[in-house]
Amino acid sequence: MMTSMLDPRLLRAFVAIVDTRSFTQAADRLHSTQSTVSQQLARLEQAVGQVLVDRAARPVRVTASGERLLGYARRILALQHEAETLLADRAGTAAIRIGVPEDIVTLSMSRILARFAEQHREVRLDVTTGLSRDLDRRFRAGEFDIVVVKEASASPDNRATFPEAIGWFESADHAPVWVDPMPLVTFPPGGLYREAMFERVERDRRRWYVAFTATSLGSILTAVEAGIGLSLLPKGAAIDHKIRPYAGFGEEAPMVVSVYSWEDAGQIGLLLENIKSVLLNRYEAHRARFGT
């Protein structure tokens, strides 16, 4: 009985009769016949056990019981329409999972992702930023579809790789003469540049200590700006920050920015090509500026 009472077809016929105050006009609105609309109302009245429309009145009018049901009927039909519209729209029903270092999420990269999402509304982009080693581990475990990582050298299964110029930096405003032990500003254990920093300092037989540790590149840059210590950083990240190259250790060999993906076809393949294009433009801009 409850299923019949909530049958949207019966409720739609009832609402149309009440709105038009005519079985004939209700049938026209529903592109049906008068007899069908009358039968649907009768089935609804049987299900609820109440007379909903006064058929003898001219024009027909809703009864007191019909008035109590009318508001619920409209709400049920509105919810049905909303659900049908939602299910018909496939926006966000497929996910592409992306892992990327914080400083790679530039305005250019964000615009590419936004444009792709706009053109492929059925795709939901799930972007995670983090440290490269953690991103690579999670990619190998199947947690990402596409990953961009910084590393000493690229693995053979890379989809693209670009040199990343790195160097030592100090505050442009608060740089003392650095004496032993040297204060270093680093990422946490496992961070890409951390071990390289320690090895480089020790190679020159200098003593050091970790003066500041942060998980985000932004915090690292702020600490160096403030003069807390020295740090090994991507040269591109130093742009627009009050830091300057520290010449005490000379030039550093570049690292690489590598792109990995489990697939290179379909929507993932399209997004992969877009990401590679942004990284290529980034590399060419850095090469023109830093000569690396």
Test result for LYS235, outside the structural domain of ASP134 (by TED's automatic domain parsing), at pLDDT 90 or above and closer than 30 Å to ARG115 by Cβ: yes
Qualifying residue in the stretch 154-163 (condition: more than 30 Å from THR215 (Cβ to Cβ), buried (at least 16 other Cβ atoms within 10 Å of the Cβ) and either basic (Lys, Arg) or not assigned by TED's automatic domain parsing to the domain that holds GLN46 (or both)): no
Candidate set from the stretch 233-263 (those that are of a type in the set (Val, Ile, Thr) and surrounded by fewer than 19 Cβ atoms within 10 Å (Cβ to Cβ)); member that is nearest to ILE98 (Cα to Cα): VAL256
Unique residue being at pLDDT 90 or above and either farther than 28 Å from SER108 by Cβ or buried (at least 17 other Cβ atoms within 10 Å of the Cβ) (or both) when the list is LEU280, LEU217, LEU271, LEU192: LEU271
Members of the stretch 154-184 that are without any contact (Cβ under 8 Å) to a residue 24 or more places away in the chain and farther than 30 Å from ASP136 by Cα: VAL177, VAL179
Of residues in the stretch 249-292 being touching a residue at least 60 places away in the same chain (Cβ under 8 Å) and among the acidic types (Asp, Glu), the one nearest to ARG200 (Cα to Cα): GLU252
3 or more residues within 20 Å of LEU184 (Cα to Cα): qualifying strands (runs of 3 or more DSSP E) within the stretch 207-292: 208-213, 231-234, 243-245
Per-region count, the stretch 209-248, residues free of Cβ contacts under 8 Å to residues at least 12 places away in the same chain and in contact with an Asp or Glu (Cβ under 6 Å, 6 or more places away or on another chain): 0
Hey, GLY229 crowded, with 19+ Cβ neighbours inside 10 Å and farther than 22 Å from ARG133 by Cα or not: yes
Top-ranked residue of the stretch 86-101 - restricted to ones that are surrounded by fewer than 17 Cβ atoms within 10 Å (Cβ to Cβ) and either outside any helix (DSSP H, G or I) or within 14 Å of the chain's Cα centre (by Cα) (or both), ranked as modelled with the lowest pLDDT: GLY92
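The values are calculated or read from the model by the stated rules, or taken from the named source; none is laboratory data. On a predicted model such as this, the values are computed, not experimentally measured, just so you know. Virtual Cβ from ideal backbone geometry, glycine too; neighbours counted across all protein chains shown.
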